[in-house]
């Protein structure tokens with residue numbers, strides 16, 4: 001039994017010394033990368049060491065190249081499955097705070113608000129938007145639109161009442 005182990009080790013050393021250059025060239029031609037070719041060559045040699053009976057191998061060079069072809073194929077399959085799933089690009093596409101149900105509800109509210117705004121006069125719309133969206137005071141709106149502060153407050157009250165009525169109608173539908 002000790003003689004079989006010595007024979008096996010000698011056989012393996014002979015195969016490595018005679019096939020290594022061809023193996024690395026084959027793997028480099030398939031992968032395009034020296035370091036990857038070296039890693040895959042190690043995998044091929046490990047597979048060869050796991051063989052139970054190397055005496056069954058008639059052409060060691062052809063067998064090693066065949067093992068290398070399988071190793072390259074497996075590496076490509078694994079690489080193909082791994083590449084598209086990098087987490088960094090996917091994380092930029094996903095907004096963790098964005099819930100689809102909330103987005104639909106928000107879009108519905110915006111449509112309702114837009115249709116309600118369309119029922120208001122242009123001045124009333126402008127006052128409401130400047131006050132709520134732009135954060136302007138009644139005095140600033142009055143100065144910009146050349147209206148009295150009292151008139152701005154009336155337009156604002158009319159717009160807010162329409163918003164409340166729209167909101168109450170939306171909640172009744174739910």
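Looking only at the stretch 111-128, which residues are farther than 12 Å from residue 163 by Cα and under 44 Å from the mean Cα position of the chain (by Cα)?
111, 126, 127
Condition check ((1) out of contact with any helix residue (DSSP H, G or I) (no Cβ under 6 Å at 6 or more places or on another chain); (2) assigned by TED's automatic domain parsing to the domain that holds residue 123; (3) at pLDDT 90 or above) across all residues:
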{"position": "145", "(1), (2), (3)": "yes, yes, yes"}
{"position": "149", "(1), (2), (3)": "no, yes, yes"}
{"position": "154", "(1), (2), (3)": "yes, yes, yes"}
{"position": "158", "(1), (2), (3)": "no, yes, yes"}
{"position": "163", "(1), (2), (3)": "yes, yes, no"}
{"position": "167", "(1), (2), (3)": "yes, yes, no"}
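Might you check whether a residue that is over 30 Å from residue 46 (Cβ atoms), within 29 Å of the chain's Cα centre (by Cα), modelled with pLDDT under 85 and outside any helix (DSSP H, G or I) occurs anywhere in the stretch 85-95?
yes
Would it be correct to say that residue 76 is surrounded by 11 or more Cβ atoms within 10 Å (Cβ to Cβ) and within 16 Å of residue 20 (Cβ to Cβ)? Explain how you work it out, then say what you get.
On the way: surrounded by 11 or more Cβ atoms within 10 Å (Cβ to Cβ): yes; within 16 Å of residue 20 (Cβ to Cβ): no.
Here the answer is no, as residue 76 does not meet what is asked.
The values are calculated or read from the model by the stated rules, or taken from the named source; none is laboratory data. Source: prediction; values computed, not measured. Quick reminder, even Gly has a Cβ in these numbers, built from the backbone with ideal geometry, and neighbours come from all protein chains shown.
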